[in-house]
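Every number here is computed from the coordinates shown, using simple stated rules; none is lab data. Note that the structure is predicted; figures quoted are calculated from it, not measured. With ideal geometry, Cβ positions are generated from the backbone for all residues, glycine too; neighbour counts draw on all protein chains shown.
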Amino acid sequence: DAGVTQSPTHLIKTRGQQVTLRCSPKSGHDTVSWYQQALGQGPQFIFQYYEEEERQRGNFPDRFSGHQFPNYSSELNVNALLLGDSALYLCASSGDRGLPEQYFGPGTRLTVT
Amino acid sequence: DAKTTQPPSMDCAEGRAANLPCNHSTISGNEYVYWYRQIHSQGPQYIIHGLKNNETNEMASLIITEDRKSSTLILPHATLRDTAVYYCIVHYGGATNKLIFGTGTLLAVQP
């Protein structure tokens, strides 16, 4: 059983560009959360998707948007990239009823130059 | 969610027990204490969680004080592979709620 997978592993973009990151949840999970982790900091919650809708959102601007597909996979889109968007972007899945933990993917390292 | 306070770093000798403290003095009655860890360049990994009672699983033990204002994560026999950042998170529970991470404790296990 594959765990949470994310693509791409690394990405380099230029300021002002747009980027799309992808996540496939662990089998049996229907909820996907996205986190941003700047260097030396803990992960910060961006938003969460369930039943193809955004259910919770952290303190991130509208440049950050997402989508969830019928197969529960998800995309994170960031428009008008800033240097400060350089970070590790983590996807976490959950939804096994009765199990308390979120399962994290390995992340996508985004560098904005 | 309540705020947690952890020491920024700790050392532990290989084979010894690692005791990682966490203060959560503003925790409310229905909030759980969760521990995750993040090994370098990987996503965070769930370790253990508890509400009031002490908990143990194959990875670690969690000791929560009676007043619930602090807790300790215990790795009974630390190995080099346990070197990681350990995050203590206070959380309403349920895997679908957002996690609020602090900066955690960097545990360095020394040979």
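Some observations on this one:
- Each Cα pair under 8 Å and six or more residues apart adds its sequence gap; the mean of these over the residue count of chain A is a relative contact order of 37 percent.
- Long-range amide H partners of residue A:4 with built H, under 5 Å: A:26
- Counting only other chain Cβ atoms within 10 Å of each residue's Cβ, the peptide B:3-13 averages 0.
- Shielding of A:36-42 by partner chains, average beta-carbon count, 10 Å: 3
- Computed magnitude of the charge dipole of chain A (debye, nearest 20; Cβ of K, R +1, Cβ of D, E -1): 440 debye
- Put simply, the amide H of residue B:78, placed in the peptide plane, has neighbours under 5 Å in B:15, B:16, B:17, B:18, leaving out anything fewer than 5 places away on its chain.
- Along the axis of the charge dipole computed for chain B (Cβ charges of +1 for Lys and Arg, -1 for Asp and Glu, origin at the Cα centre), the listed residues B:101, B:44, B:32 are led at the positive end by B:101.
- The lysines within cross-link reach of residue A:13, meaning a Cα-to-Cα straight distance under 29 Å and a gap of 8 or more places when in the same chain, are A:26, B:98.
- Counting Cβ atoms of other protein chains within 10 Å of each Cβ in A:88-94 and taking the mean gives 3.
- Sorting A:87-94, B:13-20 by average packing, meaning the other beta carbons within 10 Å per residue, from highest down gives A:87-94, B:13-20.
- Checking Cβ-Cβ separations below 4.7 Å across chain B identifies B:12 as cysteines lacking any candidate disulfide partner.
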